[in-house]
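The values are calculated or read from the model by the stated rules, or taken from the named source; none is laboratory data. From a predicted model like this one, the values you see are computed outputs, not experimental measurements. Cβ coordinates were reconstructed from backbone atoms using ideal geometry, including for glycine residues, and neighbour counts include every protein chain displayed.
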Amino acid sequence: MYEKLIHHIVADCKELFNADVQPIVSRPDEQFGDYACNVAMQLAKELGQNPREIAAALREKLQVVDGVKHVEIAGPGFINIFVEDEVLVGDASNISPYQHHEGKEVLVEFGNFNPLKTVHLGHLYQTVVYSAIARLFERSGATVHTISYHGDVGMHIAKAIWAIGEEVGWKPQDLKALEDGEESDVSMRNMKTIFGSYYAKGNEAYDADSSAAESIREVNRHIYDRDNQAVNDIHALCVKRSMQYFDTIYDELGVSFEKHYMESETAPIGTEVVKKNIGNVFEESDGAIIYKGEKDDLHTRVFLNSEGLPTYEAKDLGLIELKRRDYPGADKSVIITGNEQQQYFKVMLAALKHIHPEEAAKTEHMTHGLLSLTTGKMSSRTGNVFGAQSLMDATRAAVSKAFVDSEVQRDIYLAALKYTFLKSRIGGDIVFDVQESVSLEGNSGPYIQYAYARARSILRKKAASEDEITGLEADERSLVRKISEYEEVLEKATKERLPHHICTYLYELAQKFNAFYEKNRVLEHEREAQRLGIVHFYAEVLKDGLETLGIPAPEKM
RNA sequence: GCCCGAGUAGCUCAGUGGAUAGAGCGUCUGGCUUCGGACCAGAAAGUCGGGGGUUCGAAUCCCUCCUCGGGUACCA
């Protein structure tokens, strides 16, 4: 109905006033109607007419639209539209009407876990956000290619490799301890601790000892040039182990990737691209190759440093070349990073515009905020920060304590974890309380899962029939009206790339149903058939919404 | 300094040009042998950072100031 109304209003404004409008049709407070439009007030100034008169003219037109019951004009000129019950029931029963990205090929990429580094909360958050965005595109009909990008080169890697190399005397065959570890979850975590301590060791030496710093820089060059067997072997082993460890986290989260790209692959290609464009895009300055962003109202950034090594900027250009090679048919390329890279990306994309303008045009960079904890003292004395693994463990523990006998603890755990991250708007920083994130009450993932399980429980007792739902009572109508909003919510979430709209809606819907259910019987009631039908629609929306967010919807809890 | 972003109830957040600014947590009051109480009903709690402006209408747009975060050439 929503799209139909917009269509009618556009046509009517054209016909009546010869005006081109982009009307906003909203779902007002229930007392004002099922849909509301403010186009009359927008047009009032343009036409020099009284908004209520404009509204009155539109009202005549809208009143005869099929499915519209009546139209009221309120306040300064709101057009409030009341529709027939069947319209709401129809919309409530149709949960996948919009396919905005049908036939489109979309790449969704994020730069995430870096080999040899610990996985912290921000990485976990980013992973959950990323997979929800990818699902939104999928849900709206796109073919989505999921891509991850990992920093396996750079000073942080060089520091760790140097420390390992020093310890084993640069004989990688002595790395038995690393190679032979069992690949169980626990041993993978140990591996991360081991890598972390090597990194710390290398970092310390780099700051304290200038000769160590020089040899670390040398290791760094070897990593780029791949010209030292010992460095290559240690590097390969460390990356392999790290990626195995990351896979355990991805598996746990139910996230998967079509392709992983590594900076070691993108670096040489990016370097090539930059070198090829010196003179027309890039220029030399103080021994480095830079892009002057000032001509685009941005700032200058280094693409190749004075040692000739590519910075992240050049590597990113290399990654774009790889994506062009691997996905020539992509219509859109979405990249998700933290806010701090916002201005950096503008410069990189400005440079890209000179190299591949069409690629720059289809690239969309979206950013998310920082994650922090309310209780700042989550790091223990030993220096272990409260990382991704700690949060996952804490959440899992809370779930197994609260749902001792449940067969779906994993599903509930995923709901608690993911919903915590997804319920806030993407973009701003998020401060959260571990206790609250682990909470299973109120506005939480498990609350919505529970709502679904309750609905399924009713439907197990008696299945919804195919009977028509007619003669809605006030409470029923109100619930159906809410269910019918789902398609609009989905559309909004997809267009704005903001999954939290779905969370907000699902929570409101579940609350509304719970309130209805509290005072109205479903089974063994004279309107049982109709009510079972409504419960069925409600359950379908909850399930679809949860799954779009990447959260499972178990039948029983 | 310059360039971004943020500031809404005690805390964490929705609301981003519309009608009395909404939730969760916390506090207080009530409701469970009941279709699943992991729930529901209700109360208290707000100068929407301050000030100015645009508009029929501003938490939302513009200007300005304050506070915090980020970026600002060889980190990502």
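So is A:Ser242 in contact (Cβ under 8 Å) with a residue 40 or more places away in the chain, within 17 Å of A:Gly111 (Cα to Cα), part of a helix (DSSP H, G or I) and within 14 Å of RNA strand B (Cβ to nearest atom) or not? For A:Ser242, the condition - in contact (Cβ under 8 Å) with a residue 40 or more places away in the chain, within 17 Å of A:Gly111 (Cα to Cα), part of a helix (DSSP H, G or I) and within 14 Å of RNA strand B (Cβ to nearest atom) - is not met.
Looking across the range A:500-556 at every residue that is near RNA strand B (Cβ under 8 Å from one of its atoms) and among the β-branched types (Val, Ile, Thr), the one that is nearest to A:Gly471 (Cα to Cα) is identified as A:Val522. Mind checking whether some residue in the range A:42-51 is more than 14 Å from RNA strand B (Cβ to nearest atom), out of contact with any His (no Cβ under 8 Å at 6 or more places or on another chain) and modelled with pLDDT under 90? The answer is no, given that none of the residues of the range A:42-51 is more than 14 Å from RNA strand B (Cβ to nearest atom), out of contact with any His (no Cβ under 8 Å at 6 or more places or on another chain) and modelled with pLDDT under 90.
Within the range A:204-216, being crowded, with 16+ Cβ neighbours inside 10 Å and of a type outside the set (Gly, Ala, Ser) holds for A:Tyr206, A:Ile216. Residues that are hydrophobic (A, V, I, L, M, F, W, C), within 16 Å of RNA strand B (Cβ to nearest atom) and not in a loop (DSSP other than H, G, I, E, B) within the range A:105-116 comprise just one, A:Phe110.
Rundown of residues vs (1) within 14 Å of RNA strand B (Cβ to nearest atom); (2) at pLDDT 90 or above; (3) touching a Gly at 6+ places or on another chain (Cβ under 9 Å), yes/no style:
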| site | (1), (2), (3) |
| --- | --- |
| A:Lys323 | no, yes, no |
| A:Tyr327 | no, yes, no |
| A:Lys346 | yes, yes, yes |
| A:His356 | no, yes, no |
| A:Ser380 | no, no, no |
| A:Met392 | no, no, no |
| A:Ala398 | yes, no, no |
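Okay, residues lined up against (1) more than 11 Å from RNA strand B (Cβ to nearest atom); (2) more than 15 Å from A:Tyr250 (Cβ to Cβ):
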site	(1), (2)
A:Val119	yes, no
A:Leu124	yes, no
A:Thr127	yes, no
A:Ser140	yes, yes
A:Thr143	yes, yes
A:Thr146	yes, no
A:Asp152	no, yes
A:Trp162	yes, yes
A:Gly165	yes, yes
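Count, please, the residues in the range A:486-499 that happen to be in a loop (DSSP other than H, G, I, E, B) and either more than 12 Å from RNA strand B (Cβ to nearest atom) or surrounded by fewer than 23 Cβ atoms within 10 Å (Cβ to Cβ) (or both). Matching residues across the range A:486-499 total 2.
Of all residues in the range A:469-490, those being more than 16 Å from A:Glu86 (Cβ to Cβ) and out of contact with any helix residue (DSSP H, G or I) (no Cβ under 8 Å at 6 or more places or on another chain) number 1. No other residue among A:Gly254, A:Gly279 is small (Gly, Ala, Ser), closer than 30 Å to A:Leu549 by Cβ and away from RNA strand B (no atom under 11 Å from the Cβ) apart from A:Gly254. Is there a residue in the range A:1-13 that is surrounded by fewer than 17 Cβ atoms within 10 Å (Cβ to Cβ) and within 17 Å of A:Val489 (Cα to Cα)? Looking for residues that are surrounded by fewer than 17 Cβ atoms within 10 Å (Cβ to Cβ) and within 17 Å of A:Val489 (Cα to Cα), one finds at least one in the range A:1-13, hence yes.
Residues that are at positive phi and either more than 6 Å from RNA strand B (Cβ to nearest atom) or in contact with a helix residue (DSSP H, G or I) (Cβ under 7 Å, 6 or more places away or on another chain) (or both) within the range A:423-447 comprise just one, A:Gly427. Whenever a residue of the range A:211-224 is under 21 Å from A:Met262 (Cβ atoms) and touching a residue at least 24 places away in the same chain (Cβ under 8 Å), its partners that are of a type in the set (Phe, Trp, Tyr) and crowded, with 19+ Cβ neighbours inside 10 Å, lying with C-beta atoms within less than 7 angstrom and at least six residues away or across chains, give the pairs A:Ile216/A:Trp162; A:Ile216/A:Tyr206; A:Val219/A:Trp162. Would you confirm whether any residue within the range A:473-482 is within 14 Å of RNA strand B (Cβ to nearest atom) and small (Gly, Ala, Ser)? The answer is yes; a qualifying residue exists.
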